[in-house]
Amino acid sequence: MAVEMIRDIRRHVMIHAPAGSGKTHALVTRTLALLAAGETPEGIVAVTFTDKAALEMRERIVRGLAHPDQAGFPGGDEKDRLRSLWMDVRDEPRRLRVSTIHAFCGDVLRRFPIAVGLDPDFSVLDPHDQAYLRARAVEESISSWRRHRGTDAGEMFRDAASEAGGIRALTETLEEMLGGRKRLGDVIRRWTRDGAIDPDDYAETYARGMKNAWTRVWQGGSGETVRARVIEFTSLMKCHPRAQEEYALETLAARVRSDDFGTTEDVLSLTRGFLTKKGEPRRAFPVTKKEMHGIDRTRYESLHAAVAGLLAPLAGEAMSHPPFESARRAARAWASCLILYIEIERRYDRLKKEHGGIDFDDLELLALGLLTGQAAERAKGDAGFHPMDALLALDNRVRHLLIDEFQDTSGLQWEIVKPLVSEWLSGEGSSDTPRTFFAVGDPNQSIYLFRDAEVTLMRSVRRK
């Protein structure tokens, strides 16, 4: 990595670097360069993805302050500033603002807790307590539904369990949903009307969308040409006993002439005789030359090859488009899961409140609401609060933002810092002095996909 670029504190920098290439060293060097130029520790925020990484980075910064010459600052005012800061930071290590994204969000929320409906003394539940309360919320909800089978919720639970393949499978699904509720928020808001989701409306809309999507595939994939060639083929081979068996000609001949021919079921049934199990055109013709019984062999092979060639891409698409009724049932079951999930989430929120804490998802969602104006939607907060209040407060405190392992940043996490960084990138921040954004990462090395990390985000942000 170019040391000159890292130490150029007037510019925004994003570094793509593989594992073992010194990403942490780059972050430490950047921080020390900022401090050597006169920036205060409080004005520099470094975001890592584990507490261990944050501790390591903080320790390396402290060593750099204690030994500036070893860190590349051998003399002059820069060395004096770093040595002077070392004395202060040694006594107050918290002045170095190196933390995880969740700790960063917590810091933001503690400045405006009332605006998002939090107690000023709120605490963050540890991971074990979060997992325990999520499991308890699911277990208590399911027990309630099983005791009240005659209620709407009880019947919905029964139907959803049947579609999911049993109570255990549904329980696992609901636990996964609760664990990924950041992603579900937009889905629920999109389909909620007056605080409720209509399963029939959801199912009908989804299934109709799937049907329309398949219709476009059929029409764009020469579907009517397939029909015409199949009609020719069935007319040619209708009296051939072997062809009747290999291609199911009797059923095929009746179906291909119906007005609604062209469903995904039709395409998949056509694969018999024409395609292999892998969905590729059969190289060997089912009817051999000795079995032609006077039928034009050349025409048979030509029509077979034509149908198979047209059918192969359509069959591949048909596998990803469930039949209309199946799509409707699956969508209705999913809508039922959403409704059940909403009840579980409410129970989980109550349990968290009883334990006097919030979880990591709450940290991110509430911080996002605070900085983007969605706080009023998420909680009954301060009616006189404006998101610009938080943004200006953050802008006045934070002068430089550094992000480690940027490839593991999720879209939601980027949305949290984007209001601040966007102003810096456009030069519209509240300060006349340069504010900078510095990030390091490797798009080929994402290890936090389970945390909704979006590797493509790194590439898109770099283009901006």
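The values are calculated or read from the model by the stated rules, or taken from the named source; none is laboratory data. Being a predicted model, the structure only gives us computed values, none of them experimental. Cβ placement follows ideal geometry from the backbone for every residue including glycine, while neighbour counts extend to all protein chains displayed. Keep in mind that these areas ignore ligands, DNA and RNA; they rest on the heavy atoms of the full protein, side chains included. Shrake-Rupley method; radii C 1.70, N 1.55, O 1.52, S 1.80 Å.
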Open item on the list: Taking the Cα centre as origin and putting +1 on Lys and Arg beta-carbons and -1 on Asp and Glu beta-carbons, what dipole magnitude results for the stretch 9-156, to the nearest 20 debye?
Closed with: 400 debye
- [ ] Could you check what % of the DSSP bridge pairs in the chain are antiparallel, to the nearest 5?
- [x] 15 percent
Open item on the list: With a 1.4 Å probe and all protein chains left in place, how much of the accessible area of the stretch 232-315 comes from carbon and sulfur atoms, in whole percent?
Closed with: 52 percent
TODO: Under a cut-off of 18 Å between alpha-carbon atoms, report the lysines in cross-link reach of LYS278, not counting same-chain residues fewer than 8 places apart.
DONE: none
Open item on the list: Projecting each Cα onto the charge dipole of the chain (Lys/Arg +1, Asp/Glu -1 at the beta carbon, about the Cα centre), which of GLY441, ALA315, PHE360 comes out farthest on the positive side?
Closed with: ALA315
Task: Calculated from backbone phi, Karplus (6.51, -1.76, 1.60) coupling profile of the stretch 30-35 in Hz, x at Gly/Pro - done: 4, 4, 5, 5, 5, 5
- [ ] Determine the calculated [θ] at 222 nm for the chain from helices alone, applying -39500 (n - 2.57) to every DSSP H run no shorter than 4 residues and normalising by the residue count; nearest 500 deg cm²/dmol.
- [x] -20000 deg cm²/dmol
Open item on the list: Let's see if you can work this out: charge +1 on each Lys and Arg Cβ, -1 on each Asp and Glu Cβ, no other charges. What is the dipole magnitude of the stretch 9-57 about its Cα centre, in debye to the nearest 20?
Closed with: 240 debye
Task: Förster-model FRET efficiency, 45 Å R0, THR205 and LYS277, C-beta, rounded to 0.05 - done: 0.85
Open item on the list: I need the calculated FRET efficiency for the pair VAL3 and ASP77, taking r as the beta carbon distance and R₀ as 22 Å, to the nearest 0.05.
Closed with: 0.70
- [ ] Quote to one decimal, in nm, the extra length available between SER84 and SER422 on full extension: 0.36 nm per residue of separation minus the C-alpha distance between them.
- [x] 118.4 nm
Open item on the list: Multiplying the sequence separation of ALA19 and ARG346 by 0.36 nm and subtracting their Cα-Cα distance, what value in nm do you get?
Closed with: 113.5 nm
Open item on the list: Report the gain in length on full extension from GLU92 to ARG242: 0.36 nm times residue separation, minus Cα-Cα distance, nm rounded to one decimal.
Closed with: 45.2 nm
TODO: Treating the angle as unsigned and between 0 and 90°, give the value, to the nearest 10°, between the Cα long axis of helix 324-354 and the longest Cα principal axis of the chain.
DONE: 20 degrees
Task: Under-5 Å amide H pairs with THR100, H placed in peptide plane, nonlocal only - done: THR48
Open item on the list: Could you report the chain's accessible area per residue, 1.4 Å probe, as an integer in Å²?
Closed with: 52 Å²
Open item on the list: Which one, THR50, GLY106, LEU125, is farthest towards the positive end of the dipole of the chain when Lys and Arg carry +1 and Asp and Glu -1 on their Cβ?
Closed with: THR50
TODO: Note the angle between two axes, namely the Cα long axis of helix 152-164 and the longest principal axis of the Cα atoms of the chain, as a number of degrees from 0 to 90, rounded to the nearest 10.
DONE: 70 degrees
- [ ] Would you calculate the separation in nanometres between label points at SER326 and ASN396, each defined as 7 Å from the Cα along the Cα-to-beta-carbon direction?
- [x] 6.1 nm
TODO: Report in % the part of the accessible area of the stretch 49-94 that belongs to carbon and sulfur, leaving out ligands and nucleic acids; probe 1.4 Å.
DONE: 45 percent
Task: Extreme residue, positive dipole direction of the chain, given options LEU351, LEU412, ALA228 (C-beta unit charges) - done: ALA228
Task: Dipole magnitude of the stretch 208-285 about its Cα centre (Cβ charges: Lys, Arg +1; Asp, Glu -1), debye to nearest 20 - done: 240 debye
Open item on the list: Between (i) 23.0; (ii) 27.2; (iii) 27.9, which entry matches Kirkwood radius over Cα pairs in Å as derived from the coordinates of this structure?
Closed with: (ii)
Open item on the list: Out of the trypsin sites (Lys or Arg not before Pro) in the stretch 1-107, which ones are loop residues according to DSSP with at most 11 other C-beta atoms within 10 Å?
Closed with: ARG10, ARG11
Open item on the list: Stokes-Einstein diffusion coefficient for the stretch 312-373 at 20 °C in a medium of 1.002 mPa s, Rh from the Kirkwood formula over Cα pairs: what value in µm²/s?
Closed with: 140 µm²/s
- [ ] Past 32 Å, Cα to Cα, is the threshold; run LYS182/LYS211; LYS23/LYS182; LYS52/LYS79; LYS211/LYS289; LYS211/LYS352 against it and keep the listed order.
- [x] LYS211/LYS289; LYS211/LYS352
Task: Residue list for the stretch 349-369, given a label point 7 angstrom along the Cα-to-Cβ vector of ARG136 and an amide N cut-off under 14 Å - done: 349-359
Open item on the list: Using a Förster radius of 41 Å, what is the FRET efficiency between GLU176 and THR225 based on their Cβ-Cβ separation? Nearest 0.05, please.
Closed with: 0.40
Open item on the list: Quick query: amide H of VAL124 versus all other amide H atoms, modeled in the peptide plane; which residues come in under 5 Å with a sequence gap of 5 or more or a different chain?
Closed with: ILE358
